[in-house]
Amino acid sequence: MGWGTRSAGILLGCLLAPLAQAQVDLEPFLKQDVLETLKISPTGEYYALTVPLEDQTILAVQRRSDRQITAKISAGADSIIDDVWWVSDDRVVVSVAKKYGSRDQPYATGELYATNVDGSVRRQIFGRYGLDGNDPLPRAAELVDPMPDDPRKVLISMYALDTSMPTRG
């Protein structure tokens, strides 16, 4: 004999009743991360942290001894610090990606920035259209080797971006 409509309704009511009364704390699932990446400096004196904000992810350099933030790098709205490399005891290089919205998949821009741990000598070391912005073709770069034996140099790989593909609408 099959289940009648009334029997199925009673069974469904009995199964759902405990679920309707259960309280689930959603706060842990909705809370934004405080940091995404943490990399310790070669000497162990500093941390390089990527910190998500409302519309971007920035790099913060923190001294371990007193937890003081000593330097920051931001690439602007809708950007994230994609990767971080310690290139010497007191200098970091970062790559940048763009991300539009919380669910968008980030895409690397090929831009590279560097700063000392105290925030000095902060600059862009590779730009999409050159450091002066005058190159006609967009290019991208990736850090290949931080070259720890020569802290004033890094080895990068550079490639032209394909501009023949249609852009997203």
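Tabulated results
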quantity	calculated
Test: THR43 is of a type in the set (Ser, Thr, Tyr), in contact with a strand residue (DSSP E or B) (Cβ under 9 Å, 6 or more places away or on another chain) and at pLDDT 60 or above	no
Per-region count, the stretch 92-123, residues of a type in the set (Gly, Ala, Ser), open to solvent by 10 Å² or more (accessible area, probe 1.4 Å) and outside any loop (DSSP other than H, G, I, E, B)	2
Count of residues meeting criterion [charged (D, E, K, R) and farther than 14 Å from SER41 by Cα] in the stretch 68-101	6
Search result, residues across the stretch 67-84 that are open to solvent by 60 Å² or more (accessible area, probe 1.4 Å) and either under 17 Å from the mean Cα position of the chain (by Cα) or over 19 Å from SER120 (Cβ atoms) (or both)	ARG67, LYS72, SER74, ASP82
Selection from the stretch 128-147 of residues that are farther than 20 Å from ALA71 by Cβ, open to solvent by less than 100 Å² (accessible area, probe 1.4 Å) and assigned to a loop (DSSP other than H, G, I, E, B)	TYR129, GLY133, ASP135, LEU137, PRO138, MET147
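The values are calculated or read from the model by the stated rules, or taken from the named source; none is laboratory data. This one's a predicted model, so the numbers in the text were calculated from it and none came from an experiment. As a convention, Cβ positions derive from the backbone with ideal geometry for all residues, glycine included, and neighbour counts pool all protein chains shown. Just so you know, the surface numbers come from the protein's heavy atoms only, side chains and all, with ligands and any DNA or RNA stripped out. Shrake-Rupley method; radii C 1.70, N 1.55, O 1.52, S 1.80 Å.
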